[in-house]
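The values are calculated or read from the model by the stated rules, or taken from the named source; none is laboratory data. Given the structure is predicted, the values throughout are model-derived calculations rather than measurements. Cβ: placed from backbone, ideal geometry, glycine included. Neighbour counts: every protein chain shown.
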Amino acid sequence: MSDPLKLLLPALAQTCTQSISAIRTAPDTQNIPLSTLRTDFLSLLSLIHSNTTKLSIALNPSSPAYSAAQRPLKDLITNSSTLASNASLFLPDVHGRTLTAEVHSIAKSVLTALEDLARAHLSLITRVPIEAASEEYLSKTGIVHELITQAKAGHPQGLSRTNLVAVRRRWLEHAETVSDAEAMLEFEAFASDDEDGKDSDGWDDPELDLGSDSGEQTAVQKEIAKKVRHSLLFSLIPVHVALPPDLACRAPRFGTP
């Protein structure tokens, strides 16, 4: 009978929602070694992966085994709250702010995906199954698996081993965007006033009535671009100063103000 599942599946979804809200650093958290926390975190992800697989196999719409789904469901409820508790034990001032943010992000993503899966299964057992809904639970299961597989992968795709690795990853993720912005601001700020021979692309044709001007930068616009560019570059100085030498020497370099 599916009656117990009509209680357990909403309970899992609610636990995931509450666990996501509960993920935060507690001020009185005991200082636990990073290696221990990281190992426990990945072990919990493995349990969630395994129990998610068992749940989706048991609740296969073509041949559901409702009694077999109860055990993994109960385990997932426990796993979800434990994962949130583990993630909250990471301390920004001890284990690193960037690594802590990475752990919280992974935990919230997995719990969100697990909540969606629980609701997909609940929809299947409380309504007349349709082909689209039957396929939905497979995609939801795949999302949970993919998030966990990615987190458990080896360097550099998986969960960072240290805060230094987490900072380096974050830096590389945003370096290209910052570099492109700096280059664009430099172009806008120091574009030549000599517009002779400038080719027109036709978009500034008055007959098009697009509200555009000739494309030339006014003196005020250039001055604003210079100030924004300088602010961008100066904002990166504290980052460079705070970076360890090993990371700073590998960090992308931007132009000087």
| query | Hey, does region 66-76 have a residue that's in the same structural domain as H121 (by TED's automatic domain parsing), modelled with pLDDT under 95, outside any helix (DSSP H, G or I) and surrounded by fewer than 20 Cβ atoms within 10 Å (Cβ to Cβ)? | reply | no
Exactly one of A113, A101, A120 is in a helix (DSSP H, G or I), in contact with a Phe, Trp or Tyr (Cβ under 7 Å, 6 or more places away or on another chain) and of a type outside the set (D, E), and that one is A120
Condition set touching a residue at least 60 places away in the same chain (Cβ under 8 Å) and assigned to a helix (DSSP H, G or I), scope region 86-95, selection surrounded by the fewest Cβ atoms within 10 Å (Cβ to Cβ): answer is P92
Going through region 43-85 in order, the residues found to be free of Cβ contacts under 8 Å to residues at least 24 places away in the same chain and not hydroxyl-bearing (S, T, Y) are K54, I57, A58, N60, A65, A68, R71, P72
- Task: Determine whether region 109-122 contains at least one residue that is in the same structural domain as A58 (by TED's automatic domain parsing), among the charged types (D, E, K, R) and over 23 Å from S43 (Cα atoms).
- Result: yes
Per the filter on region 31-47, residues of a type in the set (V, I, T) and in a helix (DSSP H, G or I) are T36, T39
Test: S81 is in contact with a Ser or Thr (Cβ under 7 Å, 6 or more places away or on another chain), at pLDDT 95 or above and either surrounded by fewer than 20 Cβ atoms within 10 Å (Cβ to Cβ) or not in a helix (DSSP H, G or I) (or both): yes
If we keep only residues of region 139-156 that are closer than 14 Å to S50 by Cα and either within 14 Å of the chain's Cα centre (by Cα) or not assigned by TED's automatic domain parsing to the domain that holds S56 (or both), then the residue surrounded by the most Cβ atoms within 10 Å (Cβ to Cβ) is V144
Point to revise | Meets criteria (loosely packed, with under 14 Cβ neighbours inside 10 Å and within 27 Å of A101 (Cα to Cα)) for R24 | key: yes
